[in-house]
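Peer 1: Got a structure for you, questions after.
The values are calculated or read from the model by the stated rules, or taken from the named source; none is laboratory data. As the structure is a computational prediction, the values presented were derived from the model and not from experiment. Here the Cβ is made from the backbone with ideal geometry for all residues, glycine too, and neighbour counts use every protein chain on show. Calculation scope for accessible area: heavy atoms of the full protein, side chains included, ligands and nucleic acids excluded. Shrake-Rupley method; radii C 1.70, N 1.55, O 1.52, S 1.80 Å.
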Amino acid sequence: AGDSKDYDREVASVCPYCGVGCQISFKVKDDKIKYVEGIDGPANENRLCVKGRFGFDYINHPHRLTKPLIRREDAPAKGLNVDPGNLLSHFREASWDEALDFAANGMKGRGREVAGFGSAKCSNEEAYLFQKLIRQGFGHNNVDHCTRLCHASSVAALIENVGSGAVTATFNEIENADVAIAIGCNPIENHPVAATYFKQFTKRGGKLIVMDPRGTGLKRFASHMLQFKAGADVSMLNAIMNVIVEEGLYDTQYIEAFTENWPAMKAHLKGFEPEKMAKVCGIEAEVLRDVARTFAGAKAGMIFWGMGISQHIHGTDNSRCLISLALMTGQVGRPGAGLHPLRGQNNVQGASDAGLIPMFLPDYQSVTDDGVRSAFTDVWKSGDFSSEKGLTVVEIMDAIHADKIKSMYILGENPAMSDPDVDHARDALAKLDHLVVQDIFLTETANYADVILPSSAWYEKTGTVTNTNRQVQMGRAVAPPPGDAREDWWIEVELAKRLGLGWTYTHPSQVFAEMKLNMHSLDNITWERLQGGAVTYPSLSPEDPGQSIVFGDGFPRPEGRARFTPANVIPPDEVPDGEYPFVLITGRQLEHWHTGSMTRRSKVLDAVEPEANCSLHPKTLRELGVAPGEYLRLSTRRGSVTVMARADRAVAENNVFLPFAYVEAAANILTNAALDPYGKIPEFKFSAVRVEKAEAA
Ligand code: SF4
């Protein structure tokens, strides 16, 4: 930090990284961010983590895209082969007019041959415009974004069983709880400011039950640490619920008043006695009983989960179990009680709310409903579009291989790094005959582009953003985009004009006003009001700061009742065997964000974690004859990577944890593209892997 002489203006905005949505004051001099300070936002109360505090300088990196680029006719064959320092070996610079015409002409009139990936890093308005452009411009719903890779299964289960895809209580409500479960999440690394509330909760005596195949940082604060076998979530959760049923610990009054399908749930749980499940999940029966009694005995209990729950082929079943556990104990809709999937990207909640998903229009209104579609086309002043649910992220890659999709518009997503079985995705991108990429850097995906549209980083845009708590906040441009780069909404509007859609927006506030026409979640929330601070949706009046807890008096489902949906045990798609005997778990690290395009170009963050690494239990490393700092070759049925080994007692024996931010050892070369049948989310959290000693790559 510095003193007031260090900057010439201050801008209040929001962090671009995780779904916590910390508010930040940026100290700016000569249009460059000098340093930042946390401010008193509802989700952070002045706190920031290392990414928010030090992770802003990537916007000044020399690799920023500053001119529209068109692939040269004499460029080498498409592949991961462009040097970001020498773009002109593959691309030529173009004017905006030429690049936009080229981008639009490659998509125009191609209907179902076009698909789009939008971004959870953009504003709500930009997400809304993106889904509108695909639906209005091409007449179908093949539009998706990274929610498909993080919480799609959680949203599927929440919509099915409580009638809404968002959290029922803010994470700050843990202040009013006496027991909390954190399962399949690692907030100390992935939602660090939220984790500070968890720690304070334990400091004042709250019981924190941590469940994870890795002994994450929260272990130190836990009253119970259940390091269960990877993939055994449903067995463990059903066993805990079995105890609650068998010992009569459930909340009969709540169940009768607010739920349906309880008899079926009770009957289903009969086969899951803790003694039977202990071996399956690796947790002693007495511990399962103790956890069941502790949670059921809570005055107010919350359940938090992350991608350890969602990224399985049984991800929806995992979430169904957590919802059932909360319902049977009456732990929803009161202070300190609720369900909270910790959302990943800064605006994945908002982008999903804005309809950037193939089965739902804004506010999770189904594309199959004729009345819903006509409400939107009335506002859009355009004809009807398909009532068929669109394809999801991984399905779109398969459709490219099947010659059904030939042209794509990708804004701020990086499927050449983030998709499972990524060589399959990279081959698909290479096969497209027209790929428009809109981004701030030459991402791995942009390597395959026919045209690249240089856009704005989060710090360079104005628009609203919605965090994991349902808090809608105003993001303000801190600095202008570099060179000829433009805000994403402007590029979308210019493309839409060239597709003949007649858009006339000249400011994001006009888009927000249009969103409100068909999004009741935004009732009582206006652009002007957001200038004064965050508003949590739903907000019941222009004065109401918003409801941090919802569903205290029933659910947005038939008869106001939430549903119990029993979940059966489904094994992982691929189980370890003689050839691939270890379990591979992928995830994030504190310092790096997703595919690393921002954090690996941030000096401080990259200095702290400069090299691709994987973690194994020290005993497993000894058995492999490998010392920490030496290298391992990890191989699955999809491919191999070579990566530095670390010893970490938190990782279970015969498991490997591999962060996915490093292109030189891309975790997704190894991962399995098998999908959860409901959320269509891939099984990033479980692959069978072979581990061998190797030389440095
Ligand atoms: Fe940014 Fe999340 Fe860290 Fe807050 S906790 S500073 S939102 S990365």
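Peer 1: Quote the Stokes-Einstein diffusion coefficient, in whole µm² s⁻¹, for the range 465-565, based on the Kirkwood radius over alpha carbon pairs, a temperature of 37 °C and a viscosity of 0.692 mPa s.
Peer 2: For these conditions, the coefficient is 201 µm²/s.
Peer 1: Just subtract the alpha-carbon distance of GLU611 and ARG529 from 0.36 nm times their residue separation and send over the number in nm, one decimal.
Peer 2: Extra length from GLU611 to ARG529 when fully extended: 25.1 nm.
Peer 1: Further, regarding this structure: State the Kirkwood hydrodynamic radius of the range 391-480 in Å, one decimal place, computed from all pairs of distinct Cα atoms.
Peer 2: It works out to 14.5 Å.
Peer 1: In nm, to one decimal, how far is the modelled label at GLU579 from the one at ALA75, with both set 7 Å along Cα→Cβ?
Peer 2: 3.7
Peer 1: What nm value, rounded to one decimal, do you get for the distance between GLN510 and LEU624 when each label is placed 7 Å out toward the C-beta?
Peer 2: Label-label distance for GLN510 and LEU624, simple model: 5.6 nm.
Peer 1: Among DSSP bridges having both ends in the chain, what percentage is antiparallel? Round to the nearest 5. Mind dumping the intermediate values first?
Peer 2: Working: 44 of 88 bridges.
Here the antiparallel bridges make up roughly 50 percent for the chain.
Peer 1: While we're on this one: Which GluC sites (Glu not before Pro) does the range 46-138 hold that lie in a coil by DSSP with at most 16 other beta carbons within 10 Å?
Peer 2: GLU73
Peer 1: Just the accessible area for LYS67, please: 1.4 Å probe, Å², rounded to the nearest 10?
Peer 2: The value for LYS67 is about 80 Å².
Peer 1: Continuing with the same structure: Do any GluC sites (Glu not before Pro) in the range 585-658 lie in a DSSP loop with no more than 16 other beta carbon atoms within 10 Å, and if so, which?
Peer 2: Passing sites in the range 585-658 are GLU611, GLU630, GLU653.
Peer 1: Still on this structure: Quick one: which of LYS132/LYS516; LYS78/LYS497; LYS276/LYS680; LYS27/LYS461 span more than 26 angstrom between C-alpha atoms? If you can, show how the numbers build up before the last one.
Peer 2: On the way: LYS132/LYS516 14 Å; LYS78/LYS497 29 Å; LYS276/LYS680 30 Å; LYS27/LYS461 16 Å.
Among LYS132/LYS516; LYS78/LYS497; LYS276/LYS680; LYS27/LYS461, the Cα-Cα distance tops 26 Å for LYS78/LYS497; LYS276/LYS680.
Peer 1: Which length gain, in nm to one decimal place, applies between TRP96 and ARG633 when the Cα-Cα distance is subtracted from 0.36 nm times their residue separation?
Peer 2: Length gained, TRP96 through ARG633: 188.8 nm.
Peer 1: Hey, another quick one. Over the range 235-384, what relative contact order in percent results from Cα pairs under 8 Å that are six or more residues apart?
Peer 2: Relative contact order here is 21 percent.
Peer 1: Just to compare against my own numbers: the Cα pair-distance distribution for the range 1-152, 5 Å bins, whole % per bin, please.
Peer 2: Values per bin, smallest distances first: 2, 7, 11, 12, 15, 15, 14, 11, 8, 3, 1, 0.
Peer 1: On a full-extension model of 0.36 nm per residue, what is the gain between LYS29 and LYS270, subtracting their alpha-carbon distance, rounded to one decimal in nm?
Peer 2: On the way: separation 241, 0.36 × 241 = 86.76 nm, distance 6.51 nm.
So the extension gain works out to 80.2 nm.
Peer 1: Something else now. Can you tell me the mean projection area, over all orientations, of the convex hull of the chain's alpha carbons? Units nm², please. The partial results should precede the final answer.
Peer 2: Working: hull surface 114.5 nm².
Reported value for the Cα convex hull: 28.6 nm².
Peer 1: Can you give me the pair-distance distribution of the range 529-687, C-alpha pairs, 5 Å bins, whole percents?
Peer 2: Using 5 Å bins, I get a P(r) of 2, 7, 12, 14, 13, 10, 9, 9, 9, 8, 4, 2, 0 for the range 529-687.
Peer 1: Here's another thing I want to ask about it. Could you list the trypsin sites (Lys or Arg not before Pro) in the range 343-402 that lie in coil according to DSSP, counting only those with at most 13 other Cβ atoms within 10 Å of their Cβ? Before the final figure, lay out each step's value.
Peer 2: Working: sites: ARG343, ARG373, LYS381, LYS389; in loops: ARG343, LYS381, LYS389.
Sparse-neighbourhood loop trypsin sites (Lys or Arg not before Pro): LYS381.
Peer 1: Right, something else. Starting from the Cα gyration tensor of the range 328-373, take the square roots of the eigenvalues, sort them a ≥ b ≥ c, and report rounded, prolate or oblate (rounded when a/c is under 1.5, otherwise prolate if a/b is larger than b/c, else oblate).
Peer 2: oblate
Peer 1: Still on this model: If you scale each eigenvalue of the Cα gyration tensor by 5 and take the root, what three semi-axes come out for the range 535-611, rounded to whole angstrom and sorted largest first?
Peer 2: 40, 30, 7
Peer 1: Which whole-number percentage describes the relative contact order of the chain, with Cα contacts under 8 Å and a sequence gap of 6 or more?
Peer 2: Across the chain, relative contact order equals 20 percent.
Peer 1: Can you give the helix-only mean residue ellipticity at 222 nm for the chain, where every DSSP H stretch with n ≥ 4 adds -39500 (n - 2.57) and the sum goes over all residues, rounded to the nearest 500 deg cm²/dmol?
Peer 2: Details: 24 runs with 207 residues, N = 697.
Value at 222 nm, helices only, nearest 500: -8000 deg cm²/dmol.
Peer 1: What FRET efficiency, computed as 1/(1 + (r/R0)^6) with R0 = 25 Å and r the Cβ-Cβ distance, is obtained for LEU517 and ASP553, rounded to the nearest 0.05?
Peer 2: Details: r = 27 Å, r/R0 = 1.09.
Using R0 = 25 Å, I get an efficiency of 0.40.
Peer 1: Distance from a point 7 Å along Cα→Cβ of ASP384 to each backbone N in the range 138-158: keep the residues under 17 Å and list them by number.
Peer 2: 138-141
Peer 1: For the chain, which whole-number percentage of the solvent-accessible area (1.4 Å probe, protein heavy atoms only) is attributable to carbon and sulfur atoms?
Peer 2: Percent of accessible area from carbon and sulfur atoms in the chain: 49.
Peer 1: Roughly how many nanometres apart are two label points built 7 Å out from the Cα toward the Cβ at ASP433 and HIS63?
Peer 2: Distance between the two pseudo-spin positions: 3.2 nm.
Peer 1: Continuing with the same structure: Be a star and scan the range 544-577 for residues whose amide nitrogen sits under 18 Å from the point 7 Å along the Cα-to-Cβ vector of THR252.
Peer 2: none
Peer 1: While we're looking at this one, here's another question. At 20 °C and a viscosity of 1.002 mPa s, what translational diffusion coefficient does Stokes-Einstein give for the range 121-226, taking Rh as the Kirkwood radius over Cα pairs? Give it in µm²/s as a whole number.
Peer 2: It comes out at roughly 131 µm²/s.
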